[in-house]
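A quick write-up on the structure given underneath.
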Amino acid sequence: MQSSQTKPLLFTFRRCPFAIRARMAIKISQFEAEHCEVDLRNKPQALLDCSPKGTVPVLQLSDGKVIEESLEIMQWVLSINDPEKWLDGDNMPSVETIELITRNDIFFKPSLDKYKYAVHYPEYSAEYYRDIAVEFLQELDDRLSQKKYLMGDHRSLADMAILPFVRQFYNVDNDWFLASKYTHVIKWLNEFIQSDLFKTVLQK
């Protein structure tokens, strides 16, 4: 529990995968923050005042400090309390963890966006963009064929930072996804979707 009289404020959007992963870390760490659901078509001035880029999530702390990136929010709250040991030793993610999350954010997410919104990228078909995106799913599936979670035998920062994006990919064409060869990813994702943590942070 924070000692300040004013609670930190999280600007969020329910379906945004970046915001989902930040909310999961906040929930699991028991970090107390008010949540402000943002209408992305009509962004509140309070959000723009503390973060002119106007994207979510943004965490404004009681002392006025602003954390503008979802992964930084995750690491910051988990450094205070990390009951499930999502972070590695010394309250820090490993280099391997950061590299995998970076490939998700830099490679998989743009391909996912083009697959999801293929009508806005008519140069190629949705299937073309999907074929690019699944290169990352294959990497995840290879990992999950060797261990229950991406980094070992318990869920970690890597799992929780990447899962919301795989769920978004699944939602584009769930029939195709469930019939695909990525059986380990399917099992991993299903456990996530059914988890109390995910259901809680996705509540309206």
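No lab work stands behind these numbers, since they all come straight from the coordinates. Since we're looking at a predicted model, the values are computed, not measured. A quick note on method: Cβ atoms are made from the backbone with ideal geometry, for glycine too, and the neighbour counts reach across all protein chains shown.
Looking across segment 158-182, just one residue is within 15 Å of the chain's Cα centre (by Cα) and among the acidic types (Asp, Glu), and that is Asp159.
Under the condition of being in contact with a Ser or Thr (Cβ under 7 Å, 6 or more places away or on another chain) and under 16 Å from Ile20 (Cα atoms), the residues counted in segment 55-86 number 7.
Looking at Leu150, Leu197 in this structure, which one is out of contact with any strand residue (DSSP E or B) (no Cβ under 7 Å at 6 or more places or on another chain), of a type outside the set (Gly, Ala, Ser) and not in a helix (DSSP H, G or I)? I'd like the intermediate steps shown before the answer.
On the way: Leu197 fails: not in a helix (DSSP H, G or I).
So the residue among Leu150, Leu197 that is out of contact with any strand residue (DSSP E or B) (no Cβ under 7 Å at 6 or more places or on another chain), of a type outside the set (Gly, Ala, Ser) and not in a helix (DSSP H, G or I) is Leu150.
How many of the residues in segment 85-115 are of a type in the set (Ser, Thr, Tyr) and exposed (fewer than 14 other Cβ atoms within 10 Å of the Cβ)?
Just the residues of segment 85-115 that are of a type in the set (Ser, Thr, Tyr), to begin with: 94, 97, 102, 111, 115.
Subsequent filtering for residues that are exposed (fewer than 14 other Cβ atoms within 10 Å of the Cβ) retains 102.
Residues meeting the conditions: 1.
Every residue in segment 116-138 that is of a type in the set (Gly, Ala, Ser) and exposed (fewer than 15 other Cβ atoms within 10 Å of the Cβ), please. Correct list: Ser125 only.
Listed here are the residues, each with its yes/no results for (1) within 18 Å of Ser70 (Cα to Cα); (2) touching a Ser or Thr at 6+ places or on another chain (Cβ under 6 Å); (3) free of Cβ contacts under 8 Å to residues at least 24 places away in the same chain.
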site	(1), (2), (3)
Val95	yes, no, yes
Thr102	yes, no, yes
Ser111	no, no, no
Tyr115	no, no, no
Pro122	no, no, yes
Asp131	no, no, yes
Gln168	yes, no, no
Thr183	no, no, no
Lys199	no, no, yes
